[in-house]
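Single-structure report; data block below.
Each reported figure results from applying straightforward, stated rules to the coordinates on display, with no laboratory input. Small disclaimer: the values here were computed from a predicted structure and weren't measured. Cβ coordinates were reconstructed from backbone atoms using ideal geometry, including for glycine residues, and neighbour counts include every protein chain displayed.
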Amino acid sequence: MHLPLSSQIINLLAAIMLLIAFAMLTQRRILTLINLFAMQGLTLTLSTAVVAWTTSQPHLYWSALITVLLKVVLLPLILHRLIRKLEVKWDVETLINIPTTMIVGIVLVILAFNVALPISALAGTITRGTLGIAMASVLLAFLMMITRSKAVPQVIGFLAMENGLFFAATSATYGMPMVVELGIALDVLVGMVILGVFFFQIRERFDSLDIRHLEKLKEE
Amino acid sequence: MLPTVSGVFAQIAELVLAVLVAPLLTGWVNMCRAWLQNRSAPPLLAPYRVLAKLFQKEPVLAHNASPLFRITPYILFGCMCLAAAIVPSLDTNLPFNTAADAIALVGLFALARVFMSLAAMDVGTAFGSLGARREMMVGFLAEPALLIVLFTASLISHTTSLATTVEKLAGMELVIYPSLAFAGVAFTMVSLAENARIPVDNPATHLELTMIHEAMILEYSGRLLALAEWAASLKLFVYSCIGIALFVPFGISDGGDWAGILLAVPVLMAKLAAGGFLLALIETLSAKMRIFRAPEFLGAAFLLAVLAMLIHFLLEG
Amino acid sequence: MSLELYLVLGIPLLGGILLGLWGHKTWAAELNAAMSALTFLAAAVLTARIISEGPMLTADEQFFVDPLNVFLVALTAFVSMTTSLFSRPYMRIEHAHGRLSDRRLRLYHSMYQMFIFTMLLVLLTNNLGILWVALEAATLTTVLLVSLYRSAASLEAAWKYFILCGVGIAQALFGTILVFSASEKMLGSGGGTLLWTRLAEVSANLEPTVMSLAFVFLLVGYGTKVGLVPLHNWLPDAHAEGPTPVSAVLSGLLLNVALYALLRCKVLVDGALQTAFTSQLLMGFGLLSVVVAAFFLSRQKDIKRMFAYSSIEHMGLVTFAFGMGGPVANFAGLLHMTVHSLTKSAIFFAVGHATQKAGTQIMDDIRGLIRINPTVGWGLMLGSIAILGLPPFGVFASEFLILTSAMRQQPWATPFLLVSLGVAFAAVFSKVQPMVFGESEGSRALKRLPHQPALLPVFVHLSIVLVLGLYIPPHLADWYRQAAKLIG
């Protein structure tokens, strides 16, 4: 039983999203990380546009437009400027080594697929198979946040998690109402701006963006 | 299923073609690489001349070389010929189908690897052991990845027999299978590692400390060396054929048709030429990794293969 | 058309913008207090209207006001007003001590008003998506406030706050998406699918599996912001390192608002499931929070951290009460939300000035407050007594009601609750008593403050709590009962 072409394209884009999530997990250079994030945003936009075209829902075109403006153009731009000013280039250390991270990542992917199976069966959209991939992307981004020791990759992991959630929204429900999406986009943008300010404060205080400086407050 | 005449013919043709064309493929890859690096290329038939030269020379062996050392090149060559016979490159109606499937194929490669490593350690030189250790490490990581790639293809065709898999895949309409796409990338990474290509190992290096494959055949000379080199070219040929059979199977005839088999030969040559160029391109664009990064590279390949399988279950199951 | 509602939302928003421009002027603190007072007036008018006319649904069904959220709106507006009154001299003293520059004061004042705006938006919106957006915005406005002092510890606290609450709230987003997918089947796509009122009507027909999974995510997400254990790690740090007015509004208001969001979701999920699933989860997390917080409380050395753990404990208690359900437990929960909010903010007011006088937050270094400044000393003492649940303060009444409901409905939990409350009582009392009455040694002498501390808000709050402990006006009781019925 073969799916129609549009479903195949969406499945392919979903697979690429998962691949990018893994690539971000194992990436060492922050510059490439930001570019991967931009690519993830692009994949998301394409997927939303294809869904918009197949199901004739014009509001999804607007959603795709917001995504491309925010996640492919604006946020990577802000991030690039940030790392240029902060002079951060390389993040060599991860808290656990890369092969172990990859294995943990695979386990999380299997977990996500299992959890998503019953929900996918209940959803009524054409893209419901991709809900598992969306959840897997979220979990992988979360893993990336935990295993990094510098501030900027942690934030990129956070944004990637939000990408995964957005993908889950489009795959399970054809996107949220416009006003909500605008609100979320605004939140993300404001959050980035605040974080930018915050990074400078951290750097000013500690002369580095290593997160381990920020672990002194512990329970006595 | 009784072997048909065309089947037997196809089988023999495949084997002869593999043995004869493998050095040509190696020469083609070297030529493309030279072009891409803006050097003047060695002649296309150079590997044949090297083989001819080596066959005329007498092998010089160390005092403490055991019989294992002497028969290993023959075993290597034999394994690779057998592998070439199993992989359906011209036709899927091969008499050897019932003898071996995808898992046995991986086993054949493992057999070859074990013997080569043993022979490398046999004479007791430092570089031999070094090469053997590294080869085992690469193999230990690459084998599972290869297995899972083959499993992914098998899941789509519901059988592990390579010929049946190829038949099914060739017969399907043009469908985008993300799992096969991922499996293809994983397979490319594994074949780069197994065939001792950049970024895992430099086939043209003369620095012993950076060698993996070359270090193991350092002690061979004369016709033994010729056989070992030929076996290496055959391995590259067989891997390319596996890749072609799984991922671009159009043109492989599906049994019984003489015209189909004859047509399959130029199609195969064309695909091999394209594959060789791609390999040269990858080699030119990448740099050789440091040895301790090889596990990461292969771990990524393993990961991609597992992902391919998981995606198959999720999206296509 | 409801003018009061738009005023309630519009005034803080306007205040944020104005203070963004002029927050560093000498009259900025007065402007802040004035805007908060106006907000409170609008909220009072709105409350009166809801009480007399009943629930209101306006602006194309985007805003919904019923007894449950209007009482929280009134509480939020009131506490934010008194906190702004307290913040006026407090920030002035901080400025005089050189701990804050003009630019930071501007940031502080404008973010304060924006924070109030986002909280009121959470309370008044009918759209679950906007609720999420506003709660996330509330986190964002306070991140920079927590790191206001730019010390190493405050940066760490703000970072933890941002990351933990951000991750938590992303889970809540996923939960909201799941609710949306369940509701789309019933209500079709389009703007109406995330409206709480519509969802409440069709809740019996929503898919049970999806809704229960959604509730788990929503509980993890919004529960992080309520401070439920084990998602509470950001709370003690954020309270200890931020300026005291921020600690007061975080403890007194944000926790309540996040719990409100959780309650609205609980009502929907209960309608869909018709089982005790949500009750069990809420009771479990609530009880865990009470027990864990009580034990951590006894090990604290920093006064603001100690009271932060006390907030976790009390919110756990309220969550437990709502988990039990039924008219009495819900009534007790709502009452406890009110009195905790008032008492905790009063305590933070007193603590703020006490730490300013002593120059430190470590409890062992503060002694003999009652001698140097009796009002601060008595404020702290009475506030601590109130929060520990001693009669005749209101906290005793609500805790009593919760414990008796627990004895009737969930007797197994009662020993845990009693032990935890006892441990907390002993810990806090033993630490506060020497701070207020102890001998002050010469080297740890308390300084004079350059400006007159504002202690009127402390006593206003405490007297309200006292009154509520002795006698709940029938009007108010009725109001609580109506709200309790809505929670189910």
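If you look at just the Cα atoms of chain C, how large are its Rg and its Dmax in Å?
21.4, 73
About its Cα centre, what dipole magnitude does the protein assembly as shown give when the only charges are +1 on Lys and Arg Cβ and -1 on Asp and Glu Cβ, stated in debye to the nearest 20?
It works out to roughly 2440 debye.
So what's region B:91-154 giving for Rg/Rh, alpha carbon basis, Kirkwood Rh from the mean inverse pair distance?
Ratio of gyration radius to Kirkwood radius: 1.12.
Mind checking which of C:A258, A:A151, C:G325 is farthest towards the positive end of the protein assembly as shown's charge dipole, using Cβ charges of +1 (Lys, Arg) and -1 (Asp, Glu) about the Cα centre?
A:A151
Return the equivalent ellipsoid semi-axes of chain B as a descending list in whole Å, where each equals the square root of 5 times an eigenvalue of the C-alpha gyration tensor.
Over the Cα atoms of chain B, the ellipsoid semi-axes are 31, 23, 19 Å.
Using Cβ contacts closer than 10 Å as the measure, can you line up B:I242, A:I103 from fewest to most?
A:I103, B:I242
Rounded to the nearest 10 degrees, what's the angle between the helix B:46-56 long axis and the longest principal axis of chain B, both from Cα atoms, 0 to 90?
50 degrees
First measure r as the distance between the Cβ atoms of B:I282 and A:R203, then evaluate 1/(1 + (r/R0)^6) with R0 = 30 Å and state the FRET efficiency to the nearest 0.05.
0.15
Could you tell me the extents of region B:1-128's C-alpha atoms along the three principal axes, largest first, rounded to whole Å?
50, 42, 27
For the residue pair B:K57 and C:S463, what label-to-label distance in nm results when each label sits 7 Å from Cα along the Cα-to-beta-carbon direction?
10.8 nm
Report the paramagnetic label zone for A:L5: residues of region B:162-185 whose backbone N is under 13 Å from a point 7 Å from Cα along the Cα-to-Cβ axis.
B:174-176
What number do you get for the protein assembly as shown when its Cα radius of gyration is normalised by 2.2 N^0.38 Å, N = residues?
Against the empirical 2.2 N^0.38 Å value, I get 1.15 for the protein assembly as shown.
With a cap of 16 neighbouring Cβ atoms within 10 Å, and only residues DSSP puts in a loop, list the chymotrypsin sites (Phe, Trp or Tyr not before Pro) found in region C:1-42.
Filter output for region C:1-42: C:W27.
With the dipole of the protein assembly as shown worked out from charges on the C-beta (+1 for Lys and Arg, -1 for Asp and Glu) around the Cα centre, which of B:S191, B:L218, B:L262 lies farthest toward the positive end?
So the residue furthest toward the plus end is B:L218.
Taking the Cα atoms only, what angle lies between the long axis of helix A:58-67 and the longest principal axis of chain A, rounded to 10 degrees?
So the inclination is approximately 20 degrees.
Within 10 Å of each candidate Cβ there may be at most 15 other Cβ atoms; applying that plus a DSSP loop requirement, which GluC sites (Glu not before Pro) in region C:1-76 survive?
Those satisfying the criteria are C:E61.
Could you list C:Y161, C:Y149 so that the one with the fewest beta carbons within 10 Å of its beta carbon is first and the one with the most is last?
The order, fewest Cβ neighbours first, is C:Y149, C:Y161.
For region B:194-274, what size does the Cα cloud have along each of its three principal axes, sorted from largest down, in whole Å?
Projected onto its principal axes, the Cα set of region B:194-274 covers 49, 29, 16 Å.
Which distance in Å, rounded to a whole number, links the C-alpha centroids of region A:134-155 and region C:413-488?
41 Å
Within a 10 angstrom radius of each residue's Cβ in A:98-111, how many Cβ atoms of other chains show up on average? Whole number is fine.
3
In whole Hz and in residue order, list the ³J(HN,Hα) couplings for region C:305-319 that follow from phi through the Karplus curve 6.51 cos²θ - 1.76 cosθ + 1.60, θ = phi - 60°; x for Gly and Pro.
Taking θ as phi minus 60°, the curve returns 4, 4, 6, 5, 5, 4, 4, 4, 4, 5, 5, x, 4, 5, 4 Hz for region C:305-319.
Hey, can you grab everything whose amide H is under 5 Å from the amide H of C:N126? Only 5+ residues off in sequence or another chain; H modelled, so Pro and N-termini drop out.
Placed amide hydrogens put C:F63, C:F64 under 5 Å from C:N126.
Using a 10 Å cut-off on Cβ to Cβ distances, tally the other chain neighbours for every residue of C:121-134 and report the average as a whole number.
That works out to 3 on average.
For chain A, what is the relative contact order in percent, using Cα pairs closer than 8 Å and at least 6 residues apart in sequence?
After rounding, I find 23 percent.
Rounded to the nearest 10 degrees, what's the angle between the helix B:102-122 long axis and the longest principal axis of chain B, both from Cα atoms, 0 to 90?
Tilt relative to chain B: about 0 degrees.
Using 1/(1 + (r/R0)^6) with R0 = 56 angstrom and r between the beta carbons of B:M172 and B:L68, what's the FRET efficiency to the nearest 0.05?
0.75
So what's Rg/Rh here for region C:1-151, counting alpha carbon atoms and using the Kirkwood radius for Rh?
When Rh is taken as the Kirkwood radius, the ratio is 1.01.
With θ taken as phi - 60° and the coefficients 6.51, -1.76 and 1.60, list the Karplus ³J(HN,Hα) couplings across region B:123-139 in order, rounded to whole Hz; mark glycine and proline as x.
Listing the rounded values in order: 6, x, 6, 5, 5, x, 5, 4, x, 4, 4, 5, 4, 5, 5, 4, x Hz.
7 Å from Cα along Cα→Cβ at both C:D365 and C:A152: what's the point-to-point distance in nm?
In this crude spin-label approximation the distance works out to 1.5 nm.
Got the relative contact order for region B:1-156 handy, in percent, Cα pairs under 8 Å and 6 or more residues apart?
Value for region B:1-156: 25 percent.
With 14 Å as the cut-off, how large is the P(r) tail for region C:338-390, expressed as percent of Cα-Cα pairs?
In whole percent, the long-distance tail amounts to 50.
For region C:40-122, just say rounded, prolate or oblate: build the C-alpha gyration tensor, square-root its eigenvalues into a ≥ b ≥ c, call rounded for a/c under 1.5, and beyond that prolate if a/b exceeds b/c, oblate if not.
Prolate, since a/c reaches 1.5 and a/b exceeds b/c.
Please identify every one of the trypsin sites (Lys or Arg not before Pro) in region A:1-76 that sits in a loop by DSSP and has no more than 15 other beta carbons within 10 Å of its own beta carbon.
Here the sparse-neighbourhood loop sites are A:R28.
Would you mind ranking C:L105, C:L250 by Cβ crowding within 10 Å, fewest neighbours first?
Going from sparsest to densest Cβ surroundings: C:L105, C:L250.
Take every Cα pair under 8 Å in chain C that's 6+ residues apart, average their separations, divide by the length, and report that relative contact order as a whole percent.
15 percent
Give, as a single signed number, the net charge of other residues whose beta carbon lies under 15 Å from the beta carbon of A:L77, with Lys and Arg counted +1 and Asp and Glu -1.
Net charge in that neighbourhood comes out at +4.
Using a simple spin-label model with points 7 Å from Cα along the Cα→Cβ vector, what separation in nm is obtained for C:K301 and B:A46?
Placing both labels 7 Å along Cα→Cβ, they lie 7.4 nm apart.
So if I place +1 on the C-beta of Lys and Arg and -1 on the C-beta of Asp and Glu, and nothing else carries charge, what would the dipole magnitude of chain C be about its Cα centre? I want it in debye, nearest 20.
It works out to roughly 1160 debye.
Once R0 is set to 41 Å, what does the formula 1/(1 + (r/R0)^6) return for the Cβ-Cβ distance between C:E439 and C:T404, expressed as a FRET efficiency to the nearest 0.05?
0.50
Distance between Cα centroids, region C:114-178 to region B:245-317: provide it in whole Å.
49 Å
What length, rounded to one decimal in nm, is gained on full extension from C:T414 through to C:L57, with 0.36 nm per residue of separation minus their alpha-carbon distance?
Extending this stretch completely gives an extra 124.5 nm.
For chain A, take the convex hull of the Cα atoms, compute a quarter of its surface area, and give me that in nm², please.
Orientation-averaged projected area of the Cα hull: 13.4 nm².
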